[in-house]
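Notes to accompany the following structure.
Derivation of every value follows stated rules applied to the coordinates shown; laboratory data play no part. Remember, it's a predicted structure, so these values are computed and weren't measured experimentally. Using ideal geometry, Cβ is built from the backbone for each residue, glycine included, and neighbour counts are taken over all protein chains shown.
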């Protein structure tokens with residue numbers, strides 16, 4: 001009986017030792033599983049990381065190439081040309097007497113303009129004959145040549161503008177003064193966009209409505 005008990009006790013002891021060894025063998029596997037998960041995550045993210053890096057590199061390279069092959073002198077040349085043209089225009093049109101203030105205003109007659117008024121129920125039209133009072137700073141001779149060249153633009157704008165008006169818009173002194181002011185501002189913007197206005201006022205020579 002003693003031998004049987006000893007054998008059983010030995011088997012129990014061996015079983016406990018086996019379980020202990022199995023635990024010790026299983027415990028180190030947990031960190032390995034974590035490491036395996038990390039490696040798997042990195043492997044899945046790696047293509048995206050590489051793609052982002054490539055896109056950033058390409059974008060930077062494209063910007064650098066564009067700056068490299070861009071013509072650095074073009075913007076400065078455009079500004080310089082614009083300033084030169086504006087200065088030349090001012091010099092050509094400037095009156096010799098403008099410096100000492102002895103110049104006088106002068107007048108430029110526009111060709112009469114006939115335009116249908118904006119009246120849907122009845123056909124009415126206006127005949128506008130206008131005179132431009134010009135600044136003494138502008139040379140009469142060169143200014144007249146300049147206005148002759150620009151006259152088609154002014155006549156076209158005036159025709160379109162008058163065609164947008166109704167009978168009520170042109171009736172009364174207040175409306176006529178508003179029309180004069182609007183035409184003067186528009187003409188100055190058309191003729192002298194980069195220099196001081198040279199049209200002092202727009203005078204009405206004729207303005208019959210029929």
Please give the contour-minus-distance gain from residue 104 to residue 186: 0.36 nm per residue of separation, less the Cα-Cα distance, rounded to one decimal in nm. 27.2 nm
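Between residue 177 and residue 91, what FRET efficiency follows from the Cβ-Cβ distance if R0 is 41 Å, with the result rounded to 0.05? Before the final figure, lay out the partial values.
Values: r = 34 Å, r/R0 = 0.84.
Calculated value: 0.75.
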Can you pull the one-decimal nm distance between simple spin-label points at residue 203 and residue 41, each 7 Å off the Cα toward Cβ? 8.9
Computed label-point distance, nm, for sites residue 166 and residue 48 using a 7 Å Cα→Cβ extension: 6.4
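Suppose R0 equals 25 Å; then what is the FRET efficiency for residue 131 and residue 156 from their Cβ-Cβ distance, rounded to the nearest 0.05?
Details: r = 19 Å, r/R0 = 0.74.
Calculated value: 0.85.
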